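Colleague: Attaching a single structure in C-alpha cells format; questions to follow.
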Amino acid sequence: MTNEITRPITEFLERVITALGINASVSTEETSDGPRLNVTGDEAELLVRHRGEPLKALQHVVDMSFGRTLPDEKRVFVDALEYRKGKDIELRQMAKFLAEKARQSGLDQQLGPLNPYERRIVHMAVAEVPGVTTESVGDAFSKTVLISLRK
C-alpha cells in the first residue's frame, strides 16, 4: 500500500496520541489485510491497560475516520507495543484448537464474547481446518462464535 494512503492515518494517530498526553511514536507495517500501525514508546503501555480497552477505543476512532478510505476492502489495524499482534496469535491458536476439538469430538465449541475484529480472526482461522464451520451467535456488538462440524 502506498505511503500516500497511510500517511494521513499515521498523522491522525500521532495527533490523537499527543492530545491524550502520551509520549509515543507510530510505525507502519504493511500486511496482506492492510496497514498495521504500532504505537511504541515508554508511555504506549497506557493504551494496553485494562485488557486493551483504550486501544480498542482508539481502533474504533480510526475505523470511523478512515475505515472506508482503503482500497480492496483492506483495514487499518491499530496496535500498541504489538499487544494486539500477540493477542491475535493467541486467538488464532485457540480457534484452531477448538476447531480440532469439535472435529474430533463432534461436539459444538463456543468462543466469546468477541468483538467484530476478533470474530473475523476466529472465522478465518477455523476456515483453515477442514470439516468444521463457524457461526456468530448473538444480537449485540459482542457475539459468541459457535464452531461445529460441517453438515
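The values are calculated or read from the model by the stated rules, or taken from the named source; none is laboratory data. Keep in mind it's a predicted model, so treat the numbers as computed, not measured. Cβ atoms come from the backbone with ideal geometry, glycine included; neighbour counts cover every protein chain shown. The protein model used for the area step is the full one, side chains on, heavy atoms only, and it has no ligands, DNA or RNA in it. Shrake-Rupley method; radii C 1.70, N 1.55, O 1.52, S 1.80 Å.
Colleague: Can you list the strands (runs of 3 or more DSSP E) lying wholly within the stretch 66-147 that have 3 or more residues being under 12 Å from the mean Cα position of the chain (by Cα)?
Modeller: The qualifying strands (runs of 3 or more DSSP E) are 77-80.
Colleague: Name every residue in the stretch 104-125 that is surrounded by 15 or more Cβ atoms within 10 Å (Cβ to Cβ), at pLDDT 90 or above and small (Gly, Ala, Ser), in order of residue number.
Modeller: Scanning the stretch 104-125 gives a single hit, ALA125.
Colleague: Any residue in the stretch 34-47 that is farther than 26 Å from VAL145 by Cα, assigned to a helix (DSSP H, G or I) and in contact with a Pro (Cβ under 9 Å, 6 or more places away or on another chain)?
Modeller: yes
Colleague: Something else: Quick test of your reading of the structure: TYR83 fulfils all but one of (1) of a type outside the set (A, V, I, L, M, F, W, C); (2) touching a Gly at 6+ places or on another chain (Cβ under 8 Å); (3) loosely packed, with under 12 Cβ neighbours inside 10 Å. Name the failing condition by number.
Modeller: (3)
Colleague: Looking at (1) open to solvent by 60 Å² or more (accessible area, probe 1.4 Å); (2) acidic (Asp, Glu); (3) in a helix (DSSP H, G or I), can you tell me which one ASP63 breaks?
Modeller: Just one mismatch for ASP63, condition (1).
Colleague: Please work out which residue is nearest to ARG75 (Cα to Cα), limiting yourself to the stretch 26-47 and to residues that are open to solvent by 60 Å² or more (accessible area, probe 1.4 Å) and among the polar types (S, T, N, Q).
Modeller: It comes out as SER32.
Colleague: Take the residues in the stretch 48-57 that are of a type in the set (A, V, I, L, M, F, W, C) and either outside any helix (DSSP H, G or I) or surrounded by 14 or more Cβ atoms within 10 Å (Cβ to Cβ) (or both); name whichever of them is nearest to the chain's Cα centre (by Cα).
Modeller: Across the stretch 48-57, the extreme among qualifying residues is LEU55.
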